[in-house]
Amino acid sequence: MKKVVFGGSRTLGRLSGAIRDRADNIMAQGYVMLIGDANGADRAMQEYLAQKGYTHVLIFCAGTTCRNNVGEWETRFVPSDRPRKDFHHYVIRDEKMIEEADYGFMMWDGKSKGTLNNIVNLLEMHKPVLVYLSPRKMFLTLKSKDDLPGLLSSCDQDAVESLENSLGLSRRIHAGESRLGFR
């Protein structure tokens, strides 16, 4: 059975009609939805899938606690030895979901470091990802790392520069080449 990892920014707590339509399509295909336990996009999608009575859902939680599992679906706890629940604590969970997924579906606010990290990780593993870019209310399908500059060109360039610095995008995507042309 095909698996879709769903994720998104914590600032995005509502699903648009277009997002719900895409989720309906995923459910119609019978795909397994792999979802984290964060507030925001994760919780919003959990609520929608629970409302629809969808059962092919697997919730991933970092460490020993699960913040959200609205539908009381099967839960997978991903061990973390991080002393704090910081960015890296949740990256471990996200990487496990991405490893198991065939495809990605991300809701991105154009600023969230975690969501962009997930998008890049999917592309590094040669897994296509559908991105809903919230500020532009548009979908983009990314099939390879070469598609990333198109996504980033639609974002606030100050935010992109900050993300470049914190995630090392150029190094990860184009090793040995000059920085990505964001401006």
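The values are calculated or read from the model by the stated rules, or taken from the named source; none is laboratory data. Computed from a predicted structure; not experimentally measured. Here the Cβ is made from the backbone with ideal geometry for all residues, glycine too, and neighbour counts use every protein chain on show. Remember, those area values only see protein heavy atoms, side chains included, never the ligands or the DNA or RNA. Shrake-Rupley method; radii C 1.70, N 1.55, O 1.52, S 1.80 Å.
Couple of notes before you dig in:
- Dipole moment magnitude, nearest 20 debye, the range 16-154 about Cα centre, only Lys, Arg, Asp, Glu C-beta charged: 380 debye
- DSSP bridge pairs, the chain: antiparallel proportion in percent, nearest 5: 20 percent
- Set K2/K52; K52/K96; K2/K96; K113/K137; K2/K113; K3/K52 screened for pairs whose C-alpha atoms are more than 24 Å apart: K52/K96; K2/K113
- Kirkwood-type radius of the chain, with distances r between different C-alpha atoms, in Å: 16.5 Å
- Across the range 74-125, Cα-Cα distances exceeding 18 Å account for 35% of all pairs.
- Listed residues Y132, Y103 arranged by accessible area, highest first, probe 1.4 Å: Y103, Y132
- The 3J(HN,Hα) values that the Karplus relation (6.51, -1.76, 1.60; θ = phi - 60°) gives for the range 154-169 are, in residue order, 8, 10, 4, 5, 5, 5, 5, 4, 4, 5, 4, 5, 7, 9, x, 4 Hz. Gly and Pro appear as x.
- Residues T65 and K145, FRET efficiency given R0 of 22 Å [Cβ-Cβ distance, rounded to 0.05]: 0.05
- Estimated inter-spin distance, K52 and D24, nm [label 7 Å along Cα→Cβ]: 0.9 nm
- Put F77, F139 in order of accessible area, highest first, and with a 1.4 Å probe you get F77, F139.
- The chain, helix-only ellipticity at 222 nm - DSSP H runs n ≥ 4, -39,500 (n - 2.57), divided by all residues, nearest 500: -11500 deg cm²/dmol
- Accessible-area composition of the range 30-105, carbon plus sulfur, in percent [1.4 Å probe]: 46 percent
- Tilt relative to the chain, helix 113-124 - C-alpha long axis, 0 to 90 degrees, to 10: 80 degrees
- Acute angle (nearest 10 degrees) that the helix 17-29 long axis makes with the longest principal axis of the chain, alpha-carbon atoms: 60 degrees
- Antiparallel content of DSSP bridges confined to the range 59-151, in %, to 5: 35 percent
- Note on I173: accessible area is roughly 10 Å² with a 1.4 Å probe, heavy atoms of protein only.
- Counting only protein heavy atoms and a 1.4 Å probe, the chain has 49 square angstrom of accessible area per residue.
- Between helix 41-52 and the chain: long-axis angle, C-alpha atoms, 0 to 90°, nearest 10: 30 degrees
- Zone of E95's modelled label, taken as backbone nitrogen in the range 124-154 under 18 Å from a point 7 Å along Cα→Cβ: 124-127
- In the range 7-79, the DSSP beta bridges split such that about 0 percent are antiparallel, to the nearest 5.
- Potential extension, R84-K113 segment - 0.36 nm per residue separation minus Cα distance: 8.7 nm
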